[in-house]
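Structure, as structure tokens:
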Amino acid sequence: DQESVTPGNYFRLVLYWRASRQVESNYSVFVHLLDEEDQTIAQADGVPGNGIYPTWAWMPGEVVEDERLIPLGVDAHPGSYRISVGLYEAETLQRLEVSDQQGKLSGDQVLLPKSVEVRSP
């Protein structure tokens, strides 16, 4: 529900994950703020469930709440930034493929429908 932030502060995002089946691997979450050239200007990576609930412990159908605090550098320029979210294998850094409800693959990240506005301090 936070739509804007000033440089040097944190942007808060709450994600909700649900495993459709037992997860065998240990995945990490990434959240990137992307500029108009798809360059990452801020990010937050880590274990889901606020850093304490690894994916291998999830039960099928369980919903996991995952709060992310994304630190924004003091040198961030004002503007609108897109939010990219995904999962990757912690050991190899290999991102998971994203698929739609019909199972069609669509890349290795999800671009959220809302953007973040960086305001001048």
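The values are calculated or read from the model by the stated rules, or taken from the named source; none is laboratory data. Source: prediction; values computed, not measured. Glycine also receives a Cβ, built like all others from the backbone with ideal geometry; neighbour counts cover every protein chain displayed. Heavy atoms of the whole protein, side chains included, go into the accessibility calculation; ligands, DNA and RNA do not. Shrake-Rupley method; radii C 1.70, N 1.55, O 1.52, S 1.80 Å.
Determine whether the stretch 103-112 contains at least one residue that is polar (S, T, N, Q), open to solvent by less than 60 Å² (accessible area, probe 1.4 Å) and within 13 Å of the chain's Cα centre (by Cα).
For the stretch 103-112, residues polar (S, T, N, Q), open to solvent by less than 60 Å² (accessible area, probe 1.4 Å) and within 13 Å of the chain's Cα centre (by Cα): absent.
Could you tell me which of the residues 49, 79 is in contact (Cβ under 8 Å) with a residue 40 or more places away in the chain, of a type outside the set (Val, Ile, Thr) and touching a strand residue (DSSP E or B) at 6+ places or on another chain (Cβ under 8 Å)?
Result: 79 is the single residue among 49, 79 that is in contact (Cβ under 8 Å) with a residue 40 or more places away in the chain, of a type outside the set (Val, Ile, Thr) and touching a strand residue (DSSP E or B) at 6+ places or on another chain (Cβ under 8 Å).
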